[in-house]
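Notes follow the structure.
Any read-out appearing in this document is the output of simple, stated calculations on the displayed coordinates, not a laboratory observation. The structure presented is a predicted model; accordingly, all values stated were derived computationally and were not measured. Cβ atoms come from the backbone with ideal geometry, glycine included; neighbour counts cover every protein chain shown.
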Amino acid sequence: MKILKKIGLLLLVGFIIAQFFSPEKNEGNTEDLSAFFAETKPSDEVKTILKSSCFDCHSSNTRYPWYNKITPVNFWLAAHVKDGKKHLDFSKWANYSVKRKDHKFEEIAEEVEEKKMPLPSYTWTHGEANLTETQIQALVKWVEQVRTGYALAPKPQ
């Protein structure tokens, strides 16, 4: 029993020390999204959906929950955001080619329609991010409109 107390105490001390270390936060400004909004012209409804269900992991503007202050949870969240931005980063929209933008929009529609996005691990703690059928249809309709514009865009020579 004495050894279990020592192990428990050692783990507690390690946990407390770990709280002094945290990853860099993903905090940009909303102007990072201005190129995306200007180009894709989402309706107010779609903007609300994007803000509540997409931007935390796919932009430089993450709204952190209270439990982000707890190590190791904050490292898990940082890795999750980094992975999300690797696949799609709305804050870097201006850097994408028209072909890549069109492909990203194709993926958005597919992931949302198949209910793969937003991730279940995200919606467990962010209930407002769960998409209704009406919201899914609004997103898909908007995606189709934007993709139509990309199809009409001049092709690079």
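Structure notes:
- Considering each residue of region 4-26 in turn, none proves to be over 13 Å from the mean Cα position of the chain (by Cα), β-branched (Val, Ile, Thr) and under 17 Å from residue 146 (Cβ atoms).
- Where helices (runs of 4 or more DSSP H) fall entirely within region 69-157, those with at least 1 residues that are small (Gly, Ala, Ser), surrounded by fewer than 16 Cβ atoms within 10 Å (Cβ to Cβ) and within 13 Å of the chain's Cα centre (by Cα) are at 73-87, 120-123.
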